[in-house]
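Here's the structure we're looking at; comments come further down.
The values are calculated or read from the model by the stated rules, or taken from the named source; none is laboratory data. Computed from a predicted structure; not experimentally measured. Reconstructed Cβ throughout: ideal geometry from the backbone, glycine too, with neighbour counts over all protein chains shown. Only protein heavy atoms, including side chains, enter the accessible area calculation; ligands, DNA and RNA are left aside. Shrake-Rupley method; radii C 1.70, N 1.55, O 1.52, S 1.80 Å.
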Amino acid sequence: MSSQLVKQYYRADKLPHIWCPGCGHGTLMRAVSVAIDNLKLDKDRVCIVSGIGCSSRAPGYMDFNTLHTTHGRALAFATGVKMAKPDLEVIVVTGDGDATAIGGNHLIHAARRNINITTIVFNNNIYGMTGGQYSPTTPTGELGTTAPYGNIDKSFDIPQLAAAAGATYVARGTAYHAQQITKLVEKGIMNKGFSLIEGISICPTYYGRKNRKGTAVDMMKWQKEHAIDIKAADKLSPEQLEDKFLIGEFKNSIEPEYTEEYQKIIDRFIKER
Ligand SMILES: Cc1ncc(C[n+]2csc(CCOP(=O)(O)OP(=O)(O)O)c2C)c(N)n1
Ligand code: SF4
Ligand SMILES: [Mg+2]
């Protein structure tokens, strides 16, 4: 990002950021900013909302209308903003814990309503901010401070969860594939409905160290070597897909959008009065 874009989209007085060296969240935050820039959105018409977590610090640095809310409640606040001001482009930045543990209920209901909000989940497979507790996306068998002998829970596939609940645009990218995830965020913003983009992040400090994943660079290499684009997956055998994960666009459909449906009721009421 050029220094001009940094000046345009970041709050200088809030920098330097708090993220550890090698954290993937900065790359994902940049992807959101570049997507907004590519779409030439008026920054006064953009509202970025987060919960609490390392990931949820992003809106503190981003110079838009921003709300840094309570843990798990980003989508509840974002829904309020969008209902009150449907013309705003509402974007939620959240973590795997924020979005799928304490905030899981808000996530499925925002998806079910197909409200025009774009949610980017910075998934580092752990609670980073609070010291490495396992989250609903920590892979089975891996370690967290609250799973010292290995996590026995099955982990959520966030895109599958969002698609099943009713999100109309669903995609996954990684911090390594920075250009691709920028495009996915752009498409998510353009979708008129609930969009969920999972950004696979890295937390070298807790998830990486606890699970002996090596350095931040090793973790990025792992993303490069294990991510398969969904368009290429069809041509691969089950053996070739073993221990791999899919990235790309999983769902893109057109369905009635919540604030528009709500407006129709208001219009009908005014007409019949
Ligand atoms: C109601 C409430 N419960 C718990 C916490 C403590 N807490 C703060 S951030 C966090 C987890 C953050 O994990 P995640 O959303 O994955 O973000 P990350 O830090 O990994 O980016 C927790 C449990 C809180 N702030 N508020
Ligand atoms: S604890 Fe993990 S998620 Fe939080 S800033 Fe450090 S590397 Fe990033
Ligand atoms: Mg996390």
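Once all protein chains are placed together, residue 134 keeps about 70 Å² accessible to a 1.4 angstrom probe. Rounding to the nearest 10 and keeping the result within 0 to 90°, find how far the Cα-based axis of helix 178-190 lies from the longest principal axis of the chain. Approximately 20 degrees, to the nearest 10. Computed over protein heavy atoms with a 1.4 angstrom probe, the accessible surface ordering of 198, 261, largest first, is 261, 198. Above 24 Å, the calculated P(r) of the stretch 106-209 contains 29 percent of its Cα-Cα pairs. To the nearest ten degrees, helix 216-226 and the longest principal axis of the Cα atoms of the chain are 80 degrees apart.
The accessible area of residue 225, taken with all protein chains in place and a 1.4 Å probe, comes to roughly 110 Å².
Per residue, the accessible area of the stretch 85-147 comes to 31 Å² when a 1.4 Å probe rolls over the protein heavy atoms. Using a probe of 1.4 angstrom and keeping all protein chains present, the accessible surface of the stretch 30-71 works out to 36 square angstrom per residue. For the Cα trace of the chain, dividing Rg by the Kirkwood Rh returns an Rg/Rh value of 0.98.
Estimated at 0.36 nm per residue, the fully extended path between residue 217 and residue 109 surpasses their Cα-Cα distance by 35.2 nm.
Largest accessible area first, the listed residues 63, 98 line up as 63, 98 when surface is computed with a 1.4 Å probe on the assembled protein chains.
Once the Cα atoms are used to define both axes, helix 74-84 deviates from the longest principal axis of the chain by about 20 degrees. At full extension, residue 245 and residue 233 could sit 3.4 nm farther apart than now, given 0.36 nm per residue minus the alpha carbon distance. Hydrodynamic radius of the stretch 88-136 by the Kirkwood approach over all distinct alpha-carbon pairs: 11.4 Å. Which whole-number percent gives the relative contact order of the stretch 137-273, counting Cα pairs below 8 Å spaced six or more residues apart? So the answer I get is 24 percent.
Each peptide in 230-237, 124-131 receives the mean, over its residues, of other Cβ atoms within 10 Å, and ordering these scores from highest gives 124-131, 230-237. Ligands, DNA and RNA excluded, the heavy atoms of residue 262 present near 120 Å² of accessible surface to a 1.4 Å solvent probe. The smallest convex shape that holds all Cα atoms of the stretch 22-119, its convex hull, gives 86 Å³ per residue.
With protein chains left intact and a 1.4 Å probe, residues in the stretch 152-200 average 39 Å² of accessible area per residue.
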